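Chemist: Attaching a single structure in structure tokens format; questions to follow.
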Amino acid sequence: MLIETVFRSDDLPAADRFDCWRERVGQTDAPLELHSDHRSDFRAFQRVLDLGAVSVWPMAFQPLCFRRTQKLIRQSDPEGLHLSLPLSGALRAVRGEEEAVYGPDNLCVVDTSRPVEIHGGDDLVDVSRGDVVSCGIMTACGCRSVAATGS
């Protein structure tokens, strides 16, 4: 059975948007901390398709930073993989001393068992409109390898 949920920040008062988005992301199987300079009028959209062991979500958001810390990993770790495919804008992943930038059509793979910082649309990546549009996939089955194909 397909379960679909949609989040539109425009449905909320501007002052409540970021806190609502942060709460939503914090309640996932692999919770994240969020930080943004756009808290006062944050804009985001997310459509989540729950397919059982896999969830897929296209989303668009203003510049922000997602953090998966050791503390959050200890709280909840589905031992899965999160794949992000930026469609516009870019993501910068910081894993310890390593850093990589993923532009449109470059696949960013994150292991939910390891700390990571993902910056979307900040000054260190070139985002023409300031927004990042991506499609994420999360395996919730303890898988350690995922094959992705595209047309």
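Chemist: In whole Hz, with x marking every Gly and Pro, tabulate ³J(HN,Hα) for region 33-38 from phi via Karplus 6.51 cos²θ - 1.76 cosθ + 1.60, θ = phi - 60°.
Modeler: Karplus-based 3J(HN,Hα) across region 33-38 equals 8, 10, 9, 7, 7, 10 Hz.
Chemist: To continue, here is another question. Tell me which GluC sites (Glu not before Pro) from region 1-109 have a DSSP coil assignment and no more than 13 other beta carbons within 10 Å of their own.
Modeler: Values: sites: Glu4, Glu23, Glu33, Glu79, Glu97, Glu98, Glu99; in loops: Glu79, Glu97.
Passing sites in region 1-109 are Glu97.
Chemist: Sticking with this one: When the solvent-accessible surface of protein heavy atoms is calculated with a 1.4 angstrom probe, in what order do Arg47, Arg68 fall, highest first? It would help to have the intermediate numbers written out before the result.
Modeler: On the way: Arg47 85, Arg68 10 Å².
So the residues, ranked largest to smallest area, are Arg47, Arg68.
Chemist: If you plug each phi of region 60-71 into the Karplus form 6.51 cos²θ - 1.76 cosθ + 1.60 with θ = phi - 60°, what whole-Hz ³J(HN,Hα) values come out, in order, with x for Gly and Pro?
Modeler: Taking θ as phi minus 60°, the curve returns 9, 7, 6, x, 6, 10, 9, 10, 10, 9, 4, 4 Hz for region 60-71.
Chemist: In debye, nearest 20, what is the charge dipole magnitude of region 1-126 about its Cα centre with +1 on Lys and Arg Cβ and -1 on Asp and Glu Cβ, if you could check? It would help to have the intermediate numbers written out before the result.
Modeler: Details: 14 positive and 22 negative charges, 46 e Å.
About 220 debye.
The values are calculated or read from the model by the stated rules, or taken from the named source; none is laboratory data. A quick note: this is a predicted structure, and the numbers were derived from the prediction, not measured. Reconstructed Cβ throughout: ideal geometry from the backbone, glycine too, with neighbour counts over all protein chains shown. When the accessible area is computed, the model is the full protein with side chains, heavy atoms only, and any ligands, DNA or RNA have been set aside. Shrake-Rupley method; radii C 1.70, N 1.55, O 1.52, S 1.80 Å.
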